[in-house]
Amino acid sequence: MTRLIPFLAALVLIGACNKDPLGDLEHIPYAPQPYSMPEMPYFFPEMEIPADNPQTVDGVALGRYLFYDPILSADSTIACASCHRQEYAFSNHLEVAVGIEGRLGTRNVPSLVNVGYMSKGLLWDGRRKSVETLVLHTIPDPVEMDFTVEGVVARLKNHPDYPERFRKAFGIKETGDISGELIGQAIAQFVRTLVSYQSKYDYANWDRGAETQFFSESELRGKLLFTTEPSIDPFSPHPGCSHCHNNTALLTTNEFLNNGINPALAPADFPDPGLGGITNKPIDYGRFKVPTLRNIEMTAPYMHDGRFKTLEEVLNHYSSGGHYSYNVDPNIIAFPMSEQDKQDLIAFLKSMTDEKFLQENAFGNPF
Ligand code: HEC
Ligand code: HEC
């Protein structure tokens, strides 16, 4: 033991000498390279990337480390990726979110597929406008990470690798420049790279004349059911899914609507106020973001509260016409559905599964 003491003292000294007391990082080169997103099919819209947070190779790489690092939570057990898991298209298989110390949230974990295209607000109720700010609310959330942004910043400043990663990503001059804002920016850069565009559904969309090359007969029938709108056939009831989960690249209009899952005669009858909790307008209660249906096969259970376990249960809901509420969307109308219709619709929904997205190495755990 006595012989160990000088040895330990020497170690401490070496450590102290190696570390620049001011945390100066300017000796590390800063040469940002633009991150090139894949070329998206022509039917995709332009992604809106904030002008003050352009995607760079080192920014995305830093964001990926942070996304997978439990260092962001109070007891270092929960990372973003604990809830948003790649194999479930960055959702998970639980009804509602489970955060630090097993604490239960109130809502189902949404998939992060094509989040960069969600132009009308994030979260089920739209209360966050950007991933950058969302991150700064997720860290202190008592049922998610239950930590402080300052606490994370302090840990990252003392980390052996992060100061250099922040330097390369943002050109900071010293360790002290690491900030919550930059954490949000880096994670947002990574999250925007999570694009899905290589499902069978996309290949069929490339050239609609050649759909039959890609789709089975069942999938083609499913597509017809999915897209049959009142404008096509005003006199017969129809699934009309594409009215809200619109039949283009995103499979959502990004609108906030009430799809009839709860009976309600007054705002207070909705168990979760949804958009109404943000705007306080009676018409907005029980309205939730129309989710994308990309990789929907992988993201059960379904709806903001995870109430439906299977796609079959979801279809039974829509076919029944749902519950009456004073602001239910007029496109939620009961329609007859045979066993065959159900199978065909589900086959079409499964054509939206993008295996390449689920297995893409660049989206996986970098540690
Ligand atoms: C404890 C589980 C949990 C953790 C940890 C978590 N999330 Fe989430 N995430 C959720 C839930 C639940 C929602 C939906 C919440 C709501 O609508 O109120 C959500 C929503 C989101 C959304 C919005 C998606 C959409 O469709 O609008 C983004 C983006 C997101 N999370 C990114 C992150 C990032 C980045 C981290 C890490 C900083 C993170 N999440 C950590 C559970 C989690
Ligand atoms: C009036 C607009 C509207 C129509 C029409 C509609 N949906 Fe939805 N859909 C929504 C909304 C809004 C949600 C989210 C509701 C919630 O969670 O409270 C949703 C949720 C879903 C979900 C769950 C997604 C998830 O990630 O949890 C699936 C699956 C789905 N819809 C499929 C369909 C199918 C199939 C049809 C046609 C039979 C259809 N929808 C018709 C608006 C609509």
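Here are some notes:
- Selection within the stretch 113-138: residues that are touching a helix residue (DSSP H, G or I) at 6+ places or on another chain (Cβ under 6 Å) and of a type outside the set (Lys, Arg). The member of this set that is surrounded by the fewest Cβ atoms within 10 Å (Cβ to Cβ) is Leu136.
- When Leu315, Leu311, Leu293 are checked against the criterion of being on the phi < 0 side of the Ramachandran plot, surrounded by fewer than 19 Cβ atoms within 10 Å (Cβ to Cβ), at pLDDT 95 or above and near ligand 2 (Cβ under 7 Å from one of its atoms), Leu311 stands alone in meeting it.
- The stretch 282-296 residues that are without any contact (Cβ under 8 Å) to a residue 40 or more places away in the chain, paired with ones that are within 6 Å of ligand 2 (Cβ to nearest atom) (beta carbon under 9 Å, 6 or more apart): none
- The lone exception for Lys200 - which of (1) buried (at least 16 other Cβ atoms within 10 Å of the Cβ); (2) of a type in the set (Lys, Arg); (3) without any contact (Cβ under 8 Å) to a residue 24 or more places away in the chain it fails: (3)
- Taken across the stretch 155-164, residues that are of a type in the set (A, V, I, L, M), within 16 Å of ligand 2 (Cβ to nearest atom) and buried (at least 16 other Cβ atoms within 10 Å of the Cβ) do not occur at all.
- Just one of the listed residues (Asp141, Asp177) is at pLDDT 95 or above, under 30 Å from Asn259 (Cβ atoms) and surrounded by fewer than 21 Cβ atoms within 10 Å (Cβ to Cβ), namely Asp141.
- Here Lys120 qualifies as under 21 Å from Asn259 (Cβ atoms) and in contact with a strand residue (DSSP E or B) (Cβ under 9 Å, 6 or more places away or on another chain).
- Residues of the stretch 78-89 classified as within 11 Å of ligand 1 (Cβ to nearest atom), in a helix (DSSP H, G or I) and not hydrophobic (A, V, I, L, M, F, W, C), total: 1
- When the residues of the stretch 84-100 are filtered to those that are touching a strand residue (DSSP E or B) at 6+ places or on another chain (Cβ under 9 Å) and away from ligand 2 (no atom under 14 Å from the Cβ), the one that is nearest to Leu112 (Cα to Cα) is Arg85.
- Qualifying residue in the stretch 275-298 (condition: within 24 Å of the chain's Cα centre (by Cα) and over 23 Å from Met118 (Cα atoms)): no
- Counted as qualifying within the stretch 191-273 are no helices (runs of 4 or more DSSP H), as none has 1 or more residues that are in contact with a strand residue (DSSP E or B) (Cβ under 9 Å, 6 or more places away or on another chain) and within 16 Å of ligand 1 (Cβ to nearest atom).
- Among the candidates Asp75, Asp58, Asp69, residue that is more than 10 Å from ligand 1 (Cβ to nearest atom), under 18 Å from Val149 (Cβ atoms) and modelled with pLDDT of 95 or more: Asp75
- Unique residue being crowded, with 18+ Cβ neighbours inside 10 Å and touching an Asp or Glu at 6+ places or on another chain (Cβ under 7 Å) when the list is Gly23, Gly99, Gly59, Gly63: Gly99
- Top-ranked residue in the stretch 1-20 [being surrounded by 10 or more Cβ atoms within 10 Å (Cβ to Cβ) and either part of a loop (DSSP other than H, G, I, E, B) or at positive phi (or both); ranked as modelled with the lowest pLDDT]: Lys19
- In this structure, Ser320 does not satisfy being surrounded by 19 or more Cβ atoms within 10 Å (Cβ to Cβ) and either within 10 Å of ligand 2 (Cβ to nearest atom) or not assigned by TED's automatic domain parsing to the domain that holds Asp125 (or both).
- Qualifying residue in the stretch 145-158 (condition: touching a residue at least 40 places away in the same chain (Cβ under 8 Å), more than 11 Å from ligand 1 (Cβ to nearest atom), in contact with a Lys or Arg (Cβ under 8 Å, 6 or more places away or on another chain) and not assigned by TED's automatic domain parsing to the domain that holds Thr252): no
The values are calculated or read from the model by the stated rules, or taken from the named source; none is laboratory data. From a predicted model like this one, the values you see are computed outputs, not experimental measurements. A quick note on method: Cβ atoms are made from the backbone with ideal geometry, for glycine too, and the neighbour counts reach across all protein chains shown.
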